[in-house]
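Participant: This is the structure, below, for whatever I ask next.
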Amino acid sequence: MEYTFSKRISGLQPSAIREILKATSDPSVIPFAAGNPDISSFPIEEVKILSKKIFDEMPITALQYGITEGYAPLRETIKNYLKEDKNIGRDFDSVIITSGATQVMDLMTKVFCNFGDTVVCESPSFIGSLNCFRSYGCKLKGVPVEADGMNVSVLEKVLSENENVRFIYTISNFQNPSGATLSLEKRKKIYQLAKKYGVLILEDNPYGDLRVSGEDLPTIKSMDEDGIVIYAGSFSKVLAPGIRVGYISAPSEIIAKMTVGKQAADTHTTMFSQILVDEWMKSTDLKKHLDNSRAIYRRKLNLMCDLIDEKLGDFVSYVRPEGGLFVWCELPDDVDMMEFCRRCVDNKLAVVPGTAFTVEEGESTNCFRMNFSTPTDEQIIKGMDIIEKVKESFLG
């Protein structure tokens, strides 16, 4: 039978990049292309103890249906955490629990976008979010990312020249893939522009608690007095990604519509995972846990960046990130980026070609992304030796 797929999905095509990323399934390949948290940051013993407690004390609640908005105690815990730790949450705001932060992107697009509407994104940006927006038939307009985040002059030009812009998508801290962090000045400016042009902001902050240097900056959502910022949070990087628990803080009217949209997708996020997160948040020393995670990532980030400085020198340009999981490197103009990535794979090292993160069709880049959280220290050292070897192959 010949299958006719929907227009919203038939336009999402695999690319040559996929062939390079397939190499990551080979255990002999060093995984600089991954994006997983370091497994040593997982609180495994705590999770074991809490899991037993849950099934000893509330097995039916953990195994039964729940309400779409999420487990009420967890919603309250998150509201309190956001208010106390990040100054997020006004009287008009509410919270819904999601199946990971990726579902936030889906609900946001489902609730606000019609086919052909425009979403403004940082360029480059996270491929998972971009493909979600594309799957709903959205037009994507990219705004270049600079060392201190989105170029706000270009952003205003895009907002003034494009109709039906529904929202601005930004990863405000340690952006994936660039590693850039929006400056405080730009956070304020983006909020002002969104208000001026009557568009929403989707602030995605999965890496914000993984700062390893520099000073914390207020979220855009903490500035929101007008109900125009939707905030996406996740426990994937601070607890563990396999539990698939994320959340949204947004005006109650928006949460109500997202609840309807979520009911059509998965009814509710897994109850056991929600209870586990709530019990963990209430019982753990969160500061101590995050300090431990930051120490791991600080060591690995500095190891990778120090080796970039030592082994690649002037061959690549990059900005050392202040946190997150990724380093974004730009190659010289006369080096073919895709060929560079292929040669890395041929030498048992996987990096991600920058074209995986471009926003608009035909957009070019000579960058590639490396991840330092997944590989071991030994793999980082070996991987950087391989990249140095690949560099020398281009220099002749």
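Participant: Give me the dipole magnitude in Debye, nearest 20, for the chain about the Cα centre, with unit charges on the beta carbon: positive for Lys and Arg, negative for Asp and Glu. Let's see the in-between values first.
Facilitator: Values: 46 positive and 56 negative charges, 149 e Å.
I would put it at about 720 debye.
Participant: Here's something else I'd like to know. Hey, how many Å between the Cα centroid of segment 326-384 and the Cα centroid of segment 67-84?
Facilitator: After rounding, the separation between the Cα centres reads 38 Å.
Participant: Further question: Can you put Asp204, Asp314 in order of accessible area, largest first, using a 1.4 Å probe?
Facilitator: Numbers: Asp204 10, Asp314 160 Å².
From most exposed to least exposed: Asp314, Asp204.
Participant: Tell me the relative contact order for segment 46-97 as a rounded percent, counting alpha carbon contacts under 8 Å between residues six or more apart.
Facilitator: 36 percent
Participant: Using Cα centres only, tell me the gap between segment 294-308 and segment 233-267 in whole Å.
Facilitator: 31 Å
Participant: Subtracting the Cα-Cα distance from 0.36 nm times the residue separation, let me have the gained length for Met1 to Gln64 in nm, one decimal.
Facilitator: Using 0.36 nm per residue and subtracting the Cα-Cα distance, I get 18.7 nm.
Participant: Still on this structure, I have one more. When the chain is fully extended, how far beyond the present Cα-Cα distance does Ser153 get from Ile381, taking 0.36 nm per residue of separation?
Facilitator: 78.1 nm
Participant: Take the solvent-accessible surface of the protein heavy atoms, probe 1.4 Å, and return the percent of it on the chain that carbon and sulfur atoms account for.
Facilitator: 51 percent
Participant: Using a 1.4 angstrom probe, figure out how much accessible area the chain has per residue, in square angstrom, rounded to the nearest whole.
Facilitator: Per-residue accessible area for the chain comes out at 45 Å².
Participant: Right, another one. Which whole-number percent gives the relative contact order of the chain, counting Cα pairs below 8 Å spaced six or more residues apart?
Facilitator: Worked out over the chain, it gives 26 percent.
Participant: Calculated from DSSP H runs of 4 or more alone, at -39500 (n - 2.57) each and per residue, what is the 222 nm mean residue ellipticity of the chain, nearest 500?
Facilitator: Using -39500 (n - 2.57) per qualifying helix, the result is -13000 deg cm²/dmol.
The values are calculated or read from the model by the stated rules, or taken from the named source; none is laboratory data. Owing to the predicted nature of the structure, the values given are computational and were not obtained by experimental measurement. Backbone-built Cβ (ideal geometry, glycine too); neighbour counts: all protein chains shown. Side chains included, ligands, DNA and RNA excluded: accessible areas come from the protein's heavy atoms. Shrake-Rupley method; radii C 1.70, N 1.55, O 1.52, S 1.80 Å.
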